[in-house]
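Enquirer: Let me give you the structure first, and then I'll get to my questions.
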Amino acid sequence: MSFHVMLIVLFAALLHAAWNVFIKSGDNKLVETTLLVTGGGAIAGAVLPFVPAPAQASWPFLAASVAIHCAYFSLVALAYQTGELSFAYPIMRGSAPLFTAILTVFVVGEPIGDGGWLGILLLCAGILWLGRDGWRSADSQKHALAFALLNAVVIVAYTIVDGLGVRASRNAWSYVLWLFFFNAFPLLVIGFASNARAVVSVPLRGWVKGFAGGFCSLCAYGLALWAMTQAPIALVAALRETSVIIGTALGALLLKERFGLNRWLAATLITAGAVAMKAL
């Protein structure tokens, strides 16, 4: 993975952490998710007339991804509704890169070097260590644990589907714009079905935040998918999960969650994983 691709993926990780904090900070996580996905879809729809359509070969991947992302955003909302960000986020993101790497090797046939494997293992260890304190209170957050683990499987699914789809599309941004545009419709239906009054009564400030979060989400995923056309899917997917340490830091700063010794140890492991990917 080249240095400039690595920097772009790290920036995408920052944007990813930002929109997760946006969802967690709201009172109704499903409403916040609806606002974010709707905002991202509206922005994508405004840009679509100015980009070429993705290649026909990518449309089956796109259709599958819309369905998978519908499950993903719903589970994100449920995990944050029932548990803490510093507990659910590391579990969701921490186990997915290793499973993604295994599947890309045996299903996609994309080799990973020794440095890549070492980096992935260090990243996963660091991310899961972030949730160490939360495991002690797993009984009180058992629903969040279930939603987070289930979402880890969903993350593996959309990572591989979109990694293959964006390569078939011949235009990464065209693919991700259509994905976000189509994603908005089922999530808006779910939001209204869950609590139509809450969605309708959202003040203008809430919609502005939703569009800002949607923009972060769109850019974060667009940059990550572009990177998957430049580097192995598994390495990009693993490096992108540095968003967990960023999200945990933002959680400490903005949501007043703890950031103690365990967090610093996790940050060290994650940083070592990123260095191993580049240096070895």
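Enquirer: Go over the candidates 33, 100, 104 one by one and state the one that is over 29 Å from residue 253 (Cβ atoms) and within 15 Å of the chain's Cα centre (by Cα).
Expert: Details: 33 fails: over 29 Å from residue 253 (Cβ atoms); 104 fails: within 15 Å of the chain's Cα centre (by Cα).
Answer to the check: 100.
Enquirer: Moving on. List pairs: first residue in the range 91-117 and of a type in the set (Phe, Trp, Tyr), second residue buried (at least 16 other Cβ atoms within 10 Å of the Cβ) and assigned to a helix (DSSP H, G or I) anywhere in the structure, Cβ distance under 7 angstrom, at least six positions apart or on different chains.
Expert: From the range 91-117, the pairs are 99/156.
Enquirer: Could you tell me whether the range 235-254 includes any residue that is in a helix (DSSP H, G or I), more than 16 Å from the chain's Cα centre (by Cα) and among the charged types (D, E, K, R)?
Expert: Taking every residue of the range 235-254 in turn, none turns out to be in a helix (DSSP H, G or I), more than 16 Å from the chain's Cα centre (by Cα) and among the charged types (D, E, K, R).
Enquirer: When both residues are 6+ apart or on different chains and their Cβ atoms are under 8 Å apart, which pairs have a first residue that lies in the range 246-263 and is closer than 12 Å to residue 21 by Cβ, and a second that is at pLDDT below 70 and charged (D, E, K, R)?
Expert: Sorted first by the residue in the range 246-263, then by its partner, the pairs are 248/257; 248/263; 249/263; 251/257; 252/258; 252/263.
The values are calculated or read from the model by the stated rules, or taken from the named source; none is laboratory data. Just so it is clear, the model here is predicted, and its values are computed rather than measured. A quick note on method: Cβ atoms are made from the backbone with ideal geometry, for glycine too, and the neighbour counts reach across all protein chains shown.
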